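Worksheet: the structure to be examined is printed underneath.
Read the figures in this text as sums done on the coordinates, not as results from a lab. In this text the structure is predicted, and so the values were computed from the model without any measurement. Neighbour counts run over all protein chains shown; Cβ positions are idealised from the backbone, glycine included.
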Number of protein chains: 2
Amino acid sequence: DAAVLLLSHVDYRTGVLRDMAAVTELAHAHGALVVWDLCHSVGALPVELSRAGADFAVGCTYKYLNAGPGAPAFTYAARRHHAHARQPLSGWHGHARPFDFTEEYEPAAGVSRFLSGSQPLIAAAALEASLELWRRVDLGQVRAKSLALTDLFLELTAEAGLECATPVEHARRGSQVSLRHPDGYPMVQALIARGVVGDFRAPDILRFGFAPLYLRYVDVYDAATALVEVVASGEWRDPRFARRAQVT
Amino acid sequence: DAAVLLLSHVDYRTGVLRDMAAVTELAHAHGALVVWDLCHSVGALPVELSRAGADFAVGCTYKYLNAGPGAPAFTYAARRHHAHARQPLSGWHGHARPFDFTEEYEPAAGVSRFLSGSQPLIAAAALEASLELWRRVDLGQVRAKSLALTDLFLELTAEAGLECATPVEHARRGSQVSLRHPDGYPMVQALIARGVVGDFRAPDILRFGFAPLYLRYVDVYDAATALVEVVASGEWRDPRFARRAQVT
């Protein structure tokens with residue numbers, strides 16, 4: 001009896017890629033709408049919202065789209081929902097006639113009703129520069145390189161002996177590799193000290209993201225080698241790596 | 001039987017400055033909380049939220065604080081409300097332990113619970129540069145210059161013969177002057193064509209903001225002279241000034 005299903009297209013922990021078309025169809029068959037969270041798929045692989053029949057989607061632009069730290073997020077609504085969807089964060093710029101300053105709120109026609117208040121123009125300028133680049137990118141090529149990079153990392157880190165949380169199957173893998181170990185936190189800290197910046201996601205995940213646009217195979221080789229060494233040598237046991245920072 | 005009173009400290013149309021302490025006391029006497037909108041007062045005059053006993057406040061930083069177009073907004077909550085206030089736009093950064101990734105939402109202690117998602121760092125960097133400057137500013141001096149600038153503008157534009165919507169009384173005036181005329185829209189457009197950028201607020205307000213930090217008396221003299229000339233000469237009747245732009 002769910003009205004709405006909210007799902008991450010790629011799970012932030014495990015890196016599992018969900019079958020958007022199949023899940024959307026199943027949800028619709030049960031009378032539920034679907035909101036897809038694209039944070040870990042946009043810019044990493046082709047996303048076909050309208051082909052999948054998705055209802056709504058949200059996503060960020062500061063990860064794979066590389067629009068800068070904390071760059072503006074986005075929302076998507078299928079055209080069939082535009083006329084009646086109510087944006088709960090209604091604001092000035094989503095008004096039908098923002099400069100009439102009427103007492104009553106009247107949402108704009110179409111997708112414009114999803115706008116809210118004043119736009120962060122400086123942040124939007126950085127986003128625009130990023131999107132200008134993405135306009136010339138072939139997402140099929142991005143996806144192919146992403147899979148090659150994560151394949152290579154999976155292969156090279158196998159000898160570290162950590163449990164792998166990310167599917168080996170291409171169709172079920174995003175652009176990240178997540179490895180599991182109860183001492184994942186100090187292991188990631190030891191890697192950061194070597195210049196390889198992954199992150200730790202509680203309770204036990206070492207997470208590595210792969211940005212195909214500029215990450216090279218040699219970078220992956222170096223990172224994997226560092227991880228194998230950090231685990232094998234036990235250098236992560238140094239007490240300074242156990243100290244919890246605010247950001248993990 | 002109102003639970004909450006939401007008021008602009010300075011009205012965006014008329015420029016009327018409200019007596020924050022008196023209004024807050026009156027609202028409290030009737031059992032209502034007060035949320036103050038500071039968009040047109042912060043950076044323009046001293047704002048004493050805790051002396052006035054205010055409950056909550058919101059404001060922008062892109063007007064008088066000059067932090068750039070669409071710079072981050074802010075919120076204020078009196079300390080007595082921190083422990084029980086619920087932030088309806090709850091998000092990752094307002095969580096008590098954001099990196100524990102728990103299933104349940106637990107708001108942070110204190111004012112941090114009002115944070116929501118990832119911060120727009122590029123926009124925040126511009127805001128930080130602006131606040132660095134404001135740290136060295138005496139708001140009493142800002143207020144004195146603001147009143148002198150608006151006094152001068154009121155005096156010089158009196159001969160234009162437009163109705164004035166802004167109080168002459170200092171204690172009731174923000175840092176803007178609003179004049180009324182049914183043909184205000186083309187008048188503002190004609191002024192913009194002369195390089196004096198005010199704005200039009202429906203149905204009949206010509207609005208002029210005064211940023212005391214860098215606006216000079218000679219700028220005010222030039223702007224007022226231009227307005228008097230635009231009205232007296234009837235140059236605003238040129239049909240190109242009647243064309244409605246998206247932003248007024």
Cα point-scatterer Debye curve for chain A, base-10 log of I(q)/I(0) at q = 0.12, 0.17 Å⁻¹:
-0.81, -1.29
Provide the per-residue ³J(HN,Hα) series for segment A:159-166, in order, calculated from phi with Karplus coefficients 6.51, -1.76, 1.60 and θ = phi - 60°, each as a whole number of Hz, with x at glycine and proline positions.
6, 5, x, 8, 6, 9, 9, 9
Compute the angle between helix A:121-134 and the longest alpha-carbon principal axis of chain A, please, reported from 0 to 90 degrees and rounded to the nearest 10.
70
Please provide three numbers in whole Å: the alpha-carbon extents of the protein assembly as shown along the principal axes, with the largest listed first.
85, 49, 47
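May I ask you to list the chymotrypsin sites (Phe, Trp or Tyr not before Pro) in segment B:22-124 that are in a DSSP loop and have at most 15 other Cβ atoms within 10 Å of their Cβ?
In loop regions of segment B:22-124 (DSSP not H, G, I, E or B), the sparsely surrounded chymotrypsin sites (Phe, Trp or Tyr not before Pro) are B:PHE101, B:TYR105.
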In whole angstrom, note down how far apart the Cα centers of segment A:184-248 and segment A:85-130 are.
41
Partner shielding of A:57-67, as the mean number of partner chain Cβ atoms within 10 Å, equals 1
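Which value, in debye to the nearest 20, gives the size of the charge dipole of segment A:116-209 about its Cα centre, when Lys and Arg are +1 and Asp and Glu are -1 at the Cβ? Walk me through the numbers before you get to the answer.
Details: 10 positive and 11 negative charges, 45 e Å.
The dipole of segment A:116-209 has a size of about 220 debye.
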Averaged over the residues of A:34-47, the number of partner chain Cβ atoms within 10 Å of each residue's own Cβ comes to 0
Could you give, in nm with one decimal, how far B:HIS81 is from each other copy of that position, shortest first, with labels 7 Å out from Cα toward Cβ?
3.1
Nearest-to-axis residue of chain B, judged by Cβ, for the B-to-A rotation, with distance in whole Å?
B:ALA123, 2
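Provide A:LEU206, B:LEU5, A:LEU26 in ascending order of the number of other Cβ atoms located within 10 Å of each residue's Cβ, fewest first. If you can, show how the numbers build up before the last one.
On the way: A:LEU206 25, B:LEU5 17, A:LEU26 13.
Neighbour counts put them in this order, fewest first: A:LEU26, B:LEU5, A:LEU206.
Which of A:VAL231, A:VAL197 has the fewest other C-beta atoms within 10 Å, and how do the rest follow up to the most? If you can, show how the numbers build up before the last one.
Numbers: A:VAL231 22, A:VAL197 11.
Listing A:VAL231, A:VAL197 from fewest to most nearby Cβ atoms yields A:VAL197, A:VAL231.
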Mind checking the angle between helix B:20-29 and chain B's longest principal axis? C-alpha axes, 0 to 90 degrees, to the nearest 10.
50
Which lysines have a Cα less than 28 Å from the Cα of B:LYS63, not counting those fewer than 8 places away in the same chain?
B:LYS145
Ranking A:GLY140, A:GLY195, A:ALA129 by how far each Cα lies towards the positive end of the charge dipole of segment A:113-248 (+1 on Lys and Arg Cβ, -1 on Asp and Glu Cβ), the top one is A:ALA129
Calculated from backbone phi, Karplus (6.51, -1.76, 1.60) coupling profile of segment B:7-15 in Hz, x at Gly/Pro:
9, 7, 4, 10, 5, 5, 8, 8, x
Residues whose built amide H sits under 5 Å from the amide H of A:LEU5, excluding neighbours closer than 5 in sequence, are A:LEU33, A:VAL34, A:VAL35
Taking θ as phi - 60°, what are the ³J(HN,Hα) couplings along segment B:54-64 by the Karplus curve (6.51, -1.76, 1.60), each to the nearest whole Hz, with x for Gly and Pro?
4, 8, 9, 8, 9, x, 10, 10, 8, 8, 5
Per-residue ellipticity at 222 nm for chain A, helices alone: DSSP H runs ≥ 4 residues times -39500 (n - 2.57), over residue total, nearest 500 deg cm²/dmol?
-9500 deg cm²/dmol
Lys, Arg +1 and Asp, Glu -1 on Cβ, resulting dipole of segment A:173-248 about Cα centre, debye, nearest 20
220
